[in-house]
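First up is the structure itself, then whatever we jot down about it.
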Amino acid sequence: MSQKPETRLLVHSRYADGTIVLKSQQPPRLGEAKPDPNAIGPHSQLRWDTYNQRIYQMREFDRFGKPVRDIDFTSPTYPNGNPRPDHLPPPHQHRWIPNLTGGTPTRNKIPELL
């Protein structure tokens, strides 16, 4: 008699109100920080959570099209749902660090309070 493998729900992150996002429900990443070519001036891009019907993440650009910060509306968790100790509760921000030689800026891995 064969047994089915255990199906475990892996938690990826959690919103401030406690709503969990399972690993299988994680919205697609925003990807490379490219501004909207149709935007005039500062603007934002949204990472939409289609499962929970809310904003998962927001990326802000300045008037020159350079990324300024990402605002995360969730915090990462361990697969069992416990919060990771190296992250602030949501919402929090990650600033983009300009490249002094004019190249691609980098996203700061250290979260900051809004």
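Here, each number is a calculation from the coordinates, and none is a lab measurement. Computed from a predicted model, the values in this text were never measured in an experiment. Every residue, glycine among them, receives a Cβ derived from its backbone with ideal geometry; neighbour counts consider all protein chains shown.
Couple of notes before you dig in:
- If the condition is being exposed (fewer than 12 other Cβ atoms within 10 Å of the Cβ) and of a type in the set (D, E, K, R), then the stretch 72-95 contributes Arg84, Asp86.
- Restricting the search to strands (runs of 3 or more DSSP E) fully inside the stretch 33-114 and requiring at least 3 residues that are closer than 25 Å to Ile20 by Cα and touching an Asp or Glu at 6+ places or on another chain (Cβ under 7 Å) gives 54-61, 92-97.
- Subset tally (residues that are closer than 14 Å to Glu32 by Cα and either surrounded by fewer than 15 Cβ atoms within 10 Å (Cβ to Cβ) or hydrophobic (A, V, I, L, M, F, W, C) (or both)) for the stretch 48-65: 2
- Scope the stretch 7-19; condition under 10 Å from Ser75 (Cα atoms) and in a strand (DSSP E or B); matching residues: His12, Ser13, Arg14, Tyr15
- Some residue of the stretch 4-22 being of a type outside the set (Gly, Ala, Ser), in contact with a helix residue (DSSP H, G or I) (Cβ under 6 Å, 6 or more places away or on another chain), closer than 18 Å to Lys109 by Cα and surrounded by 10 or more Cβ atoms within 10 Å (Cβ to Cβ): yes
- Meets criteria (more than 23 Å from Leu114 (Cα to Cα) and not in a loop (DSSP other than H, G, I, E, B)) for Ser24: yes
- The residue that is farthest from the chain's Cα centre (by Cα), among those in the stretch 23-47 that are under 19 Å from Asp70 (Cα atoms), surrounded by 13 or more Cβ atoms within 10 Å (Cβ to Cβ) and not aliphatic (A, V, I, L, M), is Pro42.
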